[in-house]
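Enquirer: Please see the structure below; I have some questions.
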Amino acid sequence: MRYFKHIANAFLIGLIALQASYAAIAAPTPEEIARLPLKTIERQAKAGDTPSQVELARRYGVGEGGAKKDLLKAAHLLAVPVEKGDPTAQYYLGLAYATGTGVQLDESQAVLLFDAAAKQGEKNSQYMLGFAILNGLGGILPNGPAAVPWLERAAEQDVVKAQLLLGSMYATGSSVTKDTEKAASFFRRGFAVSKDPAFTDRLRTMIRTGSIKWQPGDPEDAIAAPGSAP
């Protein structure tokens, strides 16, 4: 009897694992969810599907995918997935509170939501939390060194704003030890991701003033003698 019970438990555990693997395979990506018709999203959201609830709020927030822009409704729809602890919903609602979009402006509430999402690895919230700590938003005291780890986590996940901000901080020694090579690495990676000319402008200035040496991939028109004008 004990042996049978052991086999039954092992079978049950295996079945649960198999079901979980099938669920993981079948789970649609955010991109796939974004392509679904509005009525499908609404039906799935009503049934309690968290990704659909977040997508529905996003659609009403930006007015696309069959939804008419309604910021109040978007903020209201985010309440349920936020209560479930969904990091994307926390980020979206944090933005709403940070900008007073669909809700009353509340920087403190925004920072709390960014903090919750950032701790779950939500990259945009990591940037927003770092930015808030750096600048003392939401009633917290400015603390550059405490902001850096969050900004670096976001930069490692290719959040371009974090890469630009960190590059500028390391280039000037603001809240960090000045490190022009590290600054350049953030600028180069940011440009590779976004092709934003802001990164090439900064690299060009650093190369022309002799702060860093030109390397393949840098702006070719930046090659100049150290000390020459940008």
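Enquirer: Checking Glu152 against (1) surrounded by 19 or more Cβ atoms within 10 Å (Cβ to Cβ); (2) in a helix (DSSP H, G or I): exactly one of these is not met. Which one?
Expert: (1)
To keep it simple, each residue is scored yes or no on (1) loosely packed, with under 14 Cβ neighbours inside 10 Å; (2) in contact with a Cys (Cβ under 6 Å, 6 or more places away or on another chain); (3) farther than 24 Å from Thr177 by Cβ.
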| position | (1), (2), (3) |
| --- | --- |
| Gln109 | no, no, yes |
| Asp115 | no, no, yes |
| Glu122 | no, no, yes |
| Tyr127 | no, no, no |
| Gly139 | yes, no, yes |
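Enquirer: Just name the residue that is farthest from Ala118 (Cα to Cα) out of those in the range 56-94 that are out of contact with any Leu (no Cβ under 8 Å at 6 or more places or on another chain) and buried (at least 19 other Cβ atoms within 10 Å of the Cβ).
Expert: If we take residues in the range 56-94 being out of contact with any Leu (no Cβ under 8 Å at 6 or more places or on another chain) and buried (at least 19 other Cβ atoms within 10 Å of the Cβ), then Ala74 is farthest from Ala118 (Cα to Cα).
Enquirer: Can you name the residue in the range 33-55 that is farther than 19 Å from Gly94 by Cα and hydrophobic (A, V, I, L, M, F, W, C) and, of all such residues, is surrounded by the most Cβ atoms within 10 Å (Cβ to Cβ)?
Expert: Taking the range 33-55 first, the residues farther than 19 Å from Gly94 by Cα are 33-49.
Okay, now just the ones that are also hydrophobic (A, V, I, L, M, F, W, C), so 33-34, 36, 38, 41, 45, 47.
On the way: Ile33: 20, Ala34: 15, Leu36: 17, Leu38: 15, Ile41: 24, Ala45: 20, Ala47: 9.
Ranking the candidates gives Ile41 first.
Enquirer: Another question, then. Please verify whether the range 91-113 includes one or more residues that are touching a residue at least 12 places away in the same chain (Cβ under 8 Å), part of a helix (DSSP H, G or I), of a type in the set (S, T, N, Q) and not assigned by TED's automatic domain parsing to the domain that holds Gln53.
Expert: Yes: one or more hits.
The values are calculated or read from the model by the stated rules, or taken from the named source; none is laboratory data. Keep in mind the model is a prediction, meaning the values are calculated, not measured. In this analysis, Cβ positions are derived from the backbone assuming ideal geometry, glycine residues included, and neighbour counts consider all displayed protein chains.
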